[in-house]
Amino acid sequence: MNRPLGITVSRHIMDSQRLHPEATGELSGLLSELIVAAKTISAEVNMAGLADILGQSGKVNVQGEQVQKLDDLANKTIKRRMAQCGYLCTMASEEEDDIIPVKEGYEGKYTLAFDPLDGSSNIDVNVSIGTIFSIHRRRSGSGQGDVVDLLQKGRVQVAAGYIIYGSSTMLVYTTGEGVHGFTLDPSVGEFYLSHPDIIFPEKSKYYSVNEGNSRYWSQGMHKYIDYLKDEDQATGRPYSARYIGSMLADLHRNLIAGGIFLYPRDSKDPAKPEGKLRLLYEAAPFSFIVEQAGGRAITDDGRDILDIEPTGLHQRVSLIIGSKEDVDMYERIAGGEK
Ligand code: AHG
Ligand code: MN
Ligand code: MN
């Protein structure tokens, strides 16, 4: 069989590098190493049911959540490979209390923040999960990086992306020049360009929110969700509800098919007054991707996610993210209402 000659992700990365004569190739090298880690995790995820790696590891992470065995495995896979890739000075993971040092003698100029597996509650039930990453240029001079290298605004990310382990494995990333999607051909172990220049569809179809929490929402949130459920043919309402419970998968769908994802602050858990999602590992990388695709991302009280100056590695934040029109409308209807 003659397979179509696809554009590989390495070709794509090299072509983008060529547009920047000043580039040293380090970011390209970093992305390539990360992609190897992702392919390794993808293979493990596909084998999960057979290889006795489903279920809980018995550990509780810094977020106070049960760590699934696959969370642990994905975390270790990224840590081990990236600690000696030579392009990073330090890392932070959703699963680790502190920054993760890189191997002595291998210090580079970038930082990596990652959510090894997003959507852990879906691991045991064979529903889409994924890995999210965020890359910044270091602030400190040389040697091992420090926490200040990681506590930088989303706006100055050098690259961000995710790998979704779904009905197929896909990589979606941006370096600030549009958003590009690649699909893994598992028979050759290569990602091929399948979704060039992803842009939010003009018409939205879906809203994604954990409606089970609605009794803990603000008045403004209630008003906005009621608006989405009203009938109006001109604006395509009512929207359909879709909530997977893996932000990564919910956002991936909305990015391709059109829609909005909301995780507002609520009064359910006093331990999480700022919302549930993590700024460094979830909200900031996705906000960069979504803005690059023409969308918008704000907190429930209208602050741009990408302009938030992080104060802690595991800081949480509320998140309203999706097509620009939808987020603008949220702001108009819900903005300011407690
Ligand atoms: P993680 O699995 O990395 O801990 O993240 C889970 C997050 C996010 O992916 C998802 O959208 C959200 O938690 C689901 O939360 P609820 O179960 O509260 O709706
Ligand atoms: Mn997550
Ligand atoms: Mn996670």
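The Rg/Rh ratio for segment 184-337, using Cα coordinates for both the radius of gyration and the Kirkwood hydrodynamic radius, is 0.99. Qualifying trypsin sites (Lys or Arg not before Pro) in segment 37-139, where qualification requires a DSSP coil assignment and no more than 15 other C-beta atoms within 10 Å, comprise 103, 139.
Expressed as a whole percent, the accessible surface of the chain that belongs to carbon and sulfur atoms is 49, based on a 1.4 Å probe. From the Kirkwood radius over Cα pairs of segment 263-338, Stokes-Einstein at 4 °C and 1.567 mPa s returns a whole-number translational diffusion coefficient of 104 µm²/s. In degrees between 0 and 90, to the nearest 10, how far off the longest principal axis of the chain does helix 9-18 point, with axes built from Cα atoms? It works out to around 80 degrees.
Rolling a 1.4 Å probe over the protein heavy atoms gives segment 206-334 an accessible area of 39 Å² per residue. Maximal additional length on extending the residue 187-residue 52 stretch stands at 46.3 nm, based on 0.36 nm per residue less the C-alpha distance. Rolling a 1.4 Å probe over the heavy atoms of the protein chains gives segment 9-195 an accessible area of 42 Å² per residue. Our summary gives segment 297-338 a relative contact order of 48 percent, counting only alpha carbon pairs under 8 angstrom and 6 or more residues apart.
Applying 0.36 nm per residue to the separation of residue 84 and residue 304 and subtracting their alpha-carbon distance, the gain on full extension is 75.8 nm.
Here is the list for segment 1-49: GluC sites (Glu not before Pro) lying in DSSP coil, each with at most 14 other C-beta atoms within 10 angstrom of its C-beta, are 22.
Kindly give the semi-axes, whole Å and largest first, of the ellipsoid equivalent to the chain, taking each as the square root of 5 times a Cα gyration tensor eigenvalue.
For the chain, the ellipsoid semi-axes come out as 31, 23, 21 Å.
Enter the angle in degrees (range 0 to 90, nearest 10) between the Cα long axis of helix 69-83 and the first principal axis of the Cα atoms of the chain, meaning the one along which they spread out most. The two axes meet at around 50 degrees. Sorted on the mean count of surrounding Cβ atoms within 10 Å across their residues, most packed first, peptides 8-19, 322-333 read 322-333, 8-19. Taking amide hydrogens as placed 1.01 Å from N in the peptide plane, the amide H of residue 194 sits under 5 Å from those of 181, 182, 183, each at least 5 positions away in sequence or on another chain.
Between residue 139 and residue 232, the modelled label-to-label distance comes to 4.3 nm, taking each label 7 Å out from Cα in the direction of the beta carbon. Going by the alpha-carbon gyration tensor, a ≥ b ≥ c the square roots of its eigenvalues, is segment 9-195 rounded (a/c under 1.5) or, if a/c is not under 1.5, prolate (a/b greater than b/c) versus oblate? Because a/c hits 1.5 or more and a/b fails to exceed b/c, segment 9-195 counts as oblate.
A crude spin-label estimate for the pair residue 7 and residue 210, with each label 7 Å from Cα along the Cβ direction, gives 3.8 nm.
The three principal axes of the C-alpha atoms in segment 73-170 carry coordinate ranges of 45, 28, 23 Å, sorted with the longest axis first.
Potential lengthening of the chain between residue 103 and residue 240 amounts to 44.5 nm, from the contour at 0.36 nm per residue minus the alpha-carbon distance.
Taking Cβ atoms as reference points and 9 Å as the exclusive limit, the residues near residue 299 contribute a net charge of -2, counting Lys and Arg as +1 and Asp and Glu as -1.
The values are calculated or read from the model by the stated rules, or taken from the named source; none is laboratory data. Predicted, not measured: the structure shown is a model, and the values here were computed from it. When we count neighbours, we look across all protein chains shown, and the Cβ atoms used for this are built from the backbone with ideal geometry, even at glycine. These accessible areas exclude ligands, DNA and RNA; they are computed on the full protein's heavy atoms, side chains included. Shrake-Rupley method; radii C 1.70, N 1.55, O 1.52, S 1.80 Å.
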